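Remarks on the structure that follows.
The values are calculated or read from the model by the stated rules, or taken from the named source; none is laboratory data. No experiment lies behind these values; they were computed from the predicted model shown. Ideal geometry is used to build each Cβ from the backbone, glycine not excepted, and the neighbour counts take in all protein chains shown.
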């Protein structure tokens, strides 16, 4: 079989301009991640990083794309203040689960080797190549781990998140204590008025009205008070409102709502991907804390997810330090790793030494725990993606 031809397509509009062949590659590689979609990447680049340095690294054989990676040059924090440049997956800090799509494992292994060679040769201003949120069960992580022993470079691996899931055929397995908590919450809710739960696919006609409603709830929640919500003004709102308007007509966003006497008090929305509900964002009014509206909404999603054709409720990503409440259903848990490959120069070597030796040793000597990875401030239970 002929070797791959490696090439790099660059530009601010690269994800939009090459959306068709990129989506064709994703289909042929099994659509390994929702967050690799061309519409996600193009919307992110246009709203969150319009002046960014983006590229598609592509592996070709006989003129056909057989592997690739969407990348951008960004910054990473070293210590508390110093920023260093790194090459990373595009879409941060908003993506959850990532992969490097490829037709075959052999194509993927060859492409990853070519990608690292290109990074070392052409990106000397970047101190690191950072590939975050790689599931340990999938090919990219496994091949990189194998290459650690075989190649002339050493990836550094770090566990960065855990994503619990609920397989809806089984309905999950709740503890007696958690089930009692849900029953007590429902009683408190019903004592306050007439509750209405829905789990549905919003229509294009209702998209703007629903966006306005859920933004109002988020603005009044603790996320609004701390300015950490996904619908906060500025680039986050531009990104997610544009994304909703693209995905809602396709039926790729599902929304759970809780109304009390007709008033929206809590919501939980996520993406549809290959039979999974990728739980992404929720918020509730402060008074809804009294009856733990978020837990009731999740239980409604678990009970009615099959009605929308979902097989799995997937946390998509979860915190290491605070368990995601999807874990209360005792389903499988997927672990995500960050793989970091450093450049050849002195600055990259110093960065590697500081990140993986000096800082961990200092924390250990000072008796401090390893801090959780920086992530988008999201759910009180720790749900939500980390920064790329």
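Yes or no: residue 110 modelled with pLDDT of 90 or more, assigned to a strand (DSSP E or B) and more than 16 Å from the chain's Cα centre (by Cα)? The answer is no for residue 110. Residue 104 falls short on exactly one of the conditions (1) within 23 Å of residue 338 (Cα to Cα); (2) surrounded by 15 or more Cβ atoms within 10 Å (Cβ to Cβ), and that condition is (2).
Mind listing just one residue for me: the one in the range 187-212 that is in a helix (DSSP H, G or I) and surrounded by 16 or more Cβ atoms within 10 Å (Cβ to Cβ) and, of those, nearest to the chain's Cα centre (by Cα)?
Going through the range 187-212, the residues in a helix (DSSP H, G or I) turn out to be 187-190, 204-212.
Now drop any that are not surrounded by 16 or more Cβ atoms within 10 Å (Cβ to Cβ), which leaves 189, 207, 210-211.
Working: 189: 32, 207: 23, 210: 23, 211: 21 Å.
Once the filter is applied, the top-ranked residue is 211.
No other residue among 129, 144, 159, 134 is over 27 Å from residue 299 (Cβ atoms), under 23 Å from the mean Cα position of the chain (by Cα) and surrounded by fewer than 16 Cβ atoms within 10 Å (Cβ to Cβ) apart from 159.
State yes or no: is residue 102 assigned by TED's automatic domain parsing to the domain that holds residue 37, within 26 Å of residue 62 (Cβ to Cβ) and touching a helix residue (DSSP H, G or I) at 6+ places or on another chain (Cβ under 9 Å)? Yes: the conditions hold for residue 102.
The residues of the range 35-59 that are part of a helix (DSSP H, G or I), surrounded by fewer than 23 Cβ atoms within 10 Å (Cβ to Cβ) and out of contact with any helix residue (DSSP H, G or I) (no Cβ under 6 Å at 6 or more places or on another chain) amount to a single one, 46.
Would you mind stating whether residue 258 is farther than 19 Å from residue 300 by Cα, touching a residue at least 60 places away in the same chain (Cβ under 8 Å), assigned by TED's automatic domain parsing to the domain that holds residue 300 and crowded, with 19+ Cβ neighbours inside 10 Å? When the stated conditions are applied, residue 258 does not pass them.
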